[in-house]
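To start, the structure itself, in structure tokens.
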């Protein structure tokens, strides 16, 4: 069957079996960042965004994304590289196999939290909340501590940059 | 090598980001399955449903008839010459007990047939159509009853052991040895306090995120090219030549980026299957292990039962340690004879004042999945037992377990009789323990404190050691060449599996050659091109291959000086190379590295390259202390990690960021081993722990806080004073957490994992008393 959807801001049409899983279809379309680590929805490696929300592409039928917008790490390369620098500073990308799924979920989380903060005016992020948001992203190399340090440094810099912008606006 | 001032170093001892980090964090196609050609045949394995059986008939006709099927292979298609899948230096201590496919099935999941076809669907369909008639045999499932059992796992006559490791397939024995010093029985008999206990550690899965995978193809010369997620490319070349019974020069092995290894990929788990398909059909082929296969037909940690006797005098001097280890190697002997040795040789020497020790062991075959190498490699099991026994001894004596250790721990300059009489030239174990106590607030918290909500928190301690490479065996060689504009190519045979060895070896090269990291390109492993290296295992890379980098750079610097002097028209003795220029000290004339690099490419009789190897007669141990703080729910027995303080002496820390993550990652894995991970078989030998639903590895909510510090000694035989870091880090959590449970709840758990049920039942027992 033919399935049309938007992949990384581009319209695509693929011929896929009705039981084709999104993860495999995305890899066949060249999105090699999408990895499989478990087949039982435990590991989070295959995380992509469907209409901007994190989803496990191993448990979504390709047919289900018809007409929707799918984003993989290839579609957010700049943001991934930006956060990735913080990860690399900690040495916390390690083998890198879980990095794409993890980074997709981190970027989704940061976006979600920042939108919430903008609405509520608060800006305090609880570490426990971060850990819970990312609990479905397994990593066997790092023990998670370095990932958390990278997230905190990344968020601090974003906040600093945002405050810097506000300051400039005030001065202007 | 002279002792450097750490502050003078530009790259070593700095947290340099990994050289491959950018491609990893942007999800580039750098792993085996990303690189495999799209026209690869898909290879899958039909696996035995029985723990022990003989194939009486196997009919592949219907499977072969499925459209798209290229071949279905059975034991009749495979050479009848046994080999081992263990990635070890030849002659391997692991017995030659394997065939690619065998008529005898030795565990549930053993390979019965190989199916290859153009699509996943065709192969799956064909797998169901392979008709196999089994004669089901009685399995050996209890490793305590395996030795001299009438049922033999390997009765075949062409089984062979290449090394004298005490193996005897007619007794289900994969290895046996005894060693010791002094009269241990007399010493134990005369001790004021003796603990005599049995501990049990389970098989554990490495559970690296990238499962086993390989693709193969024939090149223009008709050679078998193998791209594989492996820690041991050079050993894989030999293993495949053995398995296919072809000359080694017909095989080339390439290692791309690897999604984690932890020792799992020190066994050639997946390579033989696509290799035989490509060799027979001439077509490219690939196998990707499912997670289920990676959890049921792989190379987990050896299950061990360890009987410890430890005795001390009334002042707390530990006078003798007696250890007997029974190790379960499963259906095949990969790493069986060698892992067991570490259970004694890396645990007993932690105590430096003993009058006697004894260490004996048996390694047995059984009809469960074959064991293999997993970070810690037997030391982890031995240290759980010996450290737990010392903690029980402390309780028996009414002594703080850290104080008992302070009285006895091995110190710098001591000779370790149980560690092949090696002397510790670098050891900061005393400082590690002192600092870990400070970090956790031991004196305040020991043994426990009430939280007031039905919960109690306790602290527990353990120490550990490991080695740095295998002495007299591991060999690392390195080649560096200078290119135009003076940039360097660093060729290594050591296999970066995500740990960052490509980076730390480049850091050392940049330090030695006084250039920037950008001036060095690192080439991953290709057995046709890379200089020989035993591979990345046994905590060898930083120490062994690192020294090879230092030696190679020294040689290359000499060559650069002599070539530069030639261009300057002076003697090599008169010039100095500062990394950028070769300068004639007599007249100040100089020529830049860039110019030299370009000049040697024209009318030159000198290749500006160097290659050196390093192997060590010793294996300097890193040391560490770990202290766990756990919270126990008194109603349910649930154990939750609160805090973990780890202090490591790995000599000079080559890359503080990468070393820290090694420690944090190893401790998290160790927490998994201590609290959750268990491979469970039913009474017929079926493995229930076949997905991440059943085999639970820690998530970020399960590990509490992990804090790491370094207390560095300086290892005079290592590069820049460095020792190893990769394995030691998994050794302390199990005994430290068990000790924290002991101190918090008064319950001693001697069989891992420490589940809520075990703790709860222990608390109930205690209430009855």
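For the pair residue B:8 and residue B:576, what calculated FRET efficiency results from E = 1/(1 + (r/R0)^6), where r is the Cβ-Cβ distance and R0 = 22 Å, to the nearest 0.05?
Details: r = 17 Å, r/R0 = 0.78.
It comes to 0.80.
So if R0 is 35 Å, what FRET efficiency would residue A:118 and residue A:15 give, r being the distance between their Cβ atoms, rounded to the nearest 0.05?
0.25
Taking the convex hull of the Cα atoms, report for the stretch B:441-555 its projected area averaged over all directions, in nm². Walk me through the intermediate numbers first.
Values: hull surface 47.5 nm².
If I average the Cα hull's projected area over directions, I get 11.9 nm².
Each of residue B:156 and residue B:636 was given a label point 7 Å from its Cα along the Cα-to-Cβ line. The distance between the two points is 4.9 nm.
Largest first, the extents of the alpha carbon coordinates of the protein assembly as shown on the three principal axes equal 80, 77, 69 Å.
Comparing A:59, A:99, A:33 in a Gaussian network model of chain A where C-alpha atoms under 10 Å apart are linked, the largest mean-square fluctuation is found at A:59.
So what is the orientation-averaged projected area of chain B, using the convex hull of its C-alpha atoms, in nm²? Walk me through the numbers on the way to the answer.
Working: hull surface 139.1 nm².
So the mean shadow area of the Cα hull is 34.8 nm².
Peptide B:653-666 shows a mean partner chain C-beta count of 5 within 10 Å per residue C-beta.
Largest GNM mean-square fluctuation across A:46, A:141, A:31, computed for chain A with C-alpha springs under 10 Å, falls on A:141.
Note on residue B:701 and residue B:137: the extension gain reaches 198.6 nm, defined as 0.36 nm multiplied by sequence separation minus the Cα-Cα distance. Among B:723, B:407, B:559, the order by Cβ neighbours within 10 angstrom, fewest to most, reads B:407, B:559, B:723. Spin-label model, residue B:438 to residue B:683: label points 7 Å out along the Cα-to-beta-carbon direction sit 5.7 nm apart.
Please give the length that would be gained between residue B:221 and residue B:396 if that part of the chain were fully extended, namely 0.36 nm times their separation in residues minus their C-alpha to C-alpha distance (nm, one decimal).
Working: separation 175, 0.36 × 175 = 63.00 nm, distance 6.92 nm.
Full-extension gain reported as 56.1 nm.
Projecting label points 7 angstrom from Cα along Cα→Cβ for residue B:756 and residue B:607 puts them 6.4 nm apart. Taking other Cβ atoms within 10 Å as a rough exposure proxy, B:115, B:741 sort from fewest to most as B:741, B:115. With the cut-off at under 20 Å, measuring from each backbone N in the stretch A:13-45 to a point 7 Å along the Cα-to-Cβ line of residue A:63 picks out A:13-29. Could you run the Debye sum over the Cα atoms of the stretch A:2-74, one equal point scatterer each and no solvent, and tell me log10 of I(q)/I(0) at q = 0.12, 0.17, 0.18 Å⁻¹, two decimals? Taking Cα atoms of the stretch A:2-74 as identical point scatterers yields -0.25, -0.52, -0.59. Here the stretch A:76-171 was treated as a single set of alpha-carbon atoms; its pair distances binned every 5 Å from 0 give 2, 12, 23, 25, 18, 10, 5, 2, 1, 0 percent.
At a Förster radius of 22 Å, what calculated FRET efficiency corresponds to the Cβ-Cβ distance of residue B:119 and residue B:90, to the nearest 0.05?
Details: r = 39 Å, r/R0 = 1.76.
The pair residue B:119/residue B:90 has a calculated efficiency of 0.05.
Going by Cα centres, the stretch B:433-452 and the stretch B:411-430 are how many Å apart? Cα centroid to Cα centroid, the span is 28 Å.
Under the 0.36 nm per residue contour assumption, what length would be gained going from the current alpha-carbon distance of residue B:423 and residue B:171 to full extension?
Values: separation 252, 0.36 × 252 = 90.72 nm, distance 3.74 nm.
In short, 87.0 nm is gained.
At q = 0.14, 0.22, 0.24 Å⁻¹, what base-10 log of I(q)/I(0) does the Debye formula yield for the stretch B:63-143 when every alpha carbon is treated as an equal point scatterer in vacuo? Computed log10 I(q)/I(0) values: -0.63, -1.07, -1.14. GNM on chain A, alpha-carbon springs under 10 angstrom: the most fluctuating residue among A:90, A:74, A:129 is A:129.
Computed from the coordinates by the stated procedures, all read-outs in this text should not be read as laboratory data. It should be emphasised that the depicted structure is a prediction, and the values quoted were computed from it without experimental measurement. Heads up, the Cβs are rebuilt from the backbone with ideal geometry, glycines too, and the neighbour counts pull from every protein chain shown.
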